[in-house]
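See below for the structure under consideration.
Each reported figure results from applying straightforward, stated rules to the coordinates on display, with no laboratory input. Note that the structure is predicted; figures quoted are calculated from it, not measured. Ideal geometry is used to build each Cβ from the backbone, glycine not excepted, and the neighbour counts take in all protein chains shown.
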Amino acid sequence: MHAPSLGHKRYVRRLDKYNVQTRVHEGRSFSVSHNKMEEDDDDSRNAAQRASLGRRRPLSPLERLSRLLPQGSLGPEVDQLRDPDQQRIEDSNPPDAPVANPNDAQNDPCDPETRVQDVPTPPEETPRLSDGGTIADAVPDADDETPSSPLLPRETPVRFGELLIAEYRKKGRDRVEFRKMFPLQEGARLNSCWGTVNHDDIAGRPAGRYVRTTHWAPLLIRRPSLEDYVLCMRRAPAIAYPKDASMMLTMMDVSEGDCVLESGSGSGAMSLFLSRAVGSKGTVLSVEVREDHLSRAVKNYKRWRSSWGQRRGEEWPDNVHFHRADLCSASSLLDGWGFHSVALDLISPQLVLPTVVPHLHPGAVCAVYLANITQVIDLLEGIRCSSLSLVCERIIEVPVRDWLVAPARQKDGNFCTRKSPLSHEDEKKEKELSEVEEKDELTAAKDNVPFGSVPYISRPHPEQLSHTAFLVKLRKYVQ
């Protein structure tokens, strides 16, 4: 019929290696009867029909390895990882089971006359975890609410409309991997790289609660503090960071009922800190030159007041009055005002000091927020040339260094233990005792470690807040 090629011989030799029955035609002429050809056609047709009924997908690497190993050496974990469809086919077709007759019309699923209920379907297997339980047992039902502790006095559950913060920290790490501030809205979802959470599942629950995402990651849902809000809110220009703002409030000695002037509203961070410091009896006059900056400051201020009202059930004091003006030429804006303290966040604050100082109480403090040391030099030179009744008391920088302090853990997640120096004989005894105690430690909890037996690791935080600004404290005196 034909002469076999070299590649065909290699293919046949490879099939013979795996005990696959093949038919090799020799390279000589021969005659085949008509009946023999009909029998071969029937065999090939039956083989194709059998292949169509029992067609299977390609085996995965795990299934190939499991077929090569003895059946008794495979554990239940390997059987669980195998494909459920392949497992059902093997269970329904054991090796000693008779092969169904493809010519039987009653058992032929390819026959269009066969009804759906006549085709036998193997029962589906429920995937199980390593401990024998199902996934449905591990995931809590949304309708089943765990009994929570009663609310404390003046504690309110989370409501729609207020701002919340979601945080994710990996186990054993103090660093925050994910942080997001969002308004709680009905029907919305919180999206993250660690899964999603429905807002409806958060509403009505107490704050400071862990919520599982769709990827089973724990997110801490809590209410933001004023510091969190200032750091996470939308900005127009750079903000006065909380560490600098708190130091400025200390310099200015702001108390409830004071009247404070702020020049340079920016994104509204310093306005919020001053608003809380003066309280409902005080007043803050915030002046900004740029309209876009002033608009952003007003929006951030109103957004915080709205969230505060939803959280506490009472209004945040509306004590900040925003104005768009340039204090260099708008001296009429300050007519009739007297200020207990002044906060300046400008590029050239020495230009507005001649307008501001006459309205500052004697002995009061003017705190200036400057980014560069050259601005500090220009400020002091401007005071000297203008002969203003101001004395520079302090020029400081506020460094803050975060640290990571965490218990030492091994690679498997267990805590490390303190070891005292021992002699050679004591080391042998300690080794024998440790081998006996290892068996007991496997059954004990990982965190069940006596007090004082776990060493701690302390190091500076890798993400440090570097230089932000110089703070200049000026005090007015009377000659």
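Taking each residue as 0.36 nm, the span from R394 to L152 lengthens on full extension beyond its C-alpha to C-alpha distance by 82.7 nm. Pairs over the 28 Å Cα-Cα cut-off, from the set K243/K411; K180/K302; K243/K476; K170/K299: K243/K411; K170/K299.
Protection proxy ranking, highest mean first, for peptides 215-225, 285-295: 285-295, 215-225, where packing is the per-residue count of other beta-carbon atoms within 10 Å, averaged.
Summing charges over neighbours of H293, with a neighbour being any other residue whose Cβ is under 10 Å away from its Cβ, gives +1 when K and R count +1 and D and E count -1. Extension gain, A188 to E315, is 43.1 nm, computed as 0.36 nm per intervening residue step minus the present C-alpha separation. Summarising the label geometry, the points placed 7 Å from Cα in the beta-carbon direction at R205 and H323 lie 4.8 nm from one another. With kT/(6 pi eta Rh) evaluated at 25 °C and eta = 0.890 mPa s, and Rh the Kirkwood radius from Cα pairs, segment 165-218 diffuses with a coefficient of 209 µm²/s according to Stokes-Einstein.
Eigen-decomposition of the gyration tensor built on the alpha-carbon atoms of segment 163-270 gives equivalent ellipsoid semi-axes of 33, 15, 13 angstrom, largest listed first. Rounded to the nearest 0.05, the FRET efficiency derived from the C-beta distance between K171 and I377 at R0 = 45 Å is 0.35.
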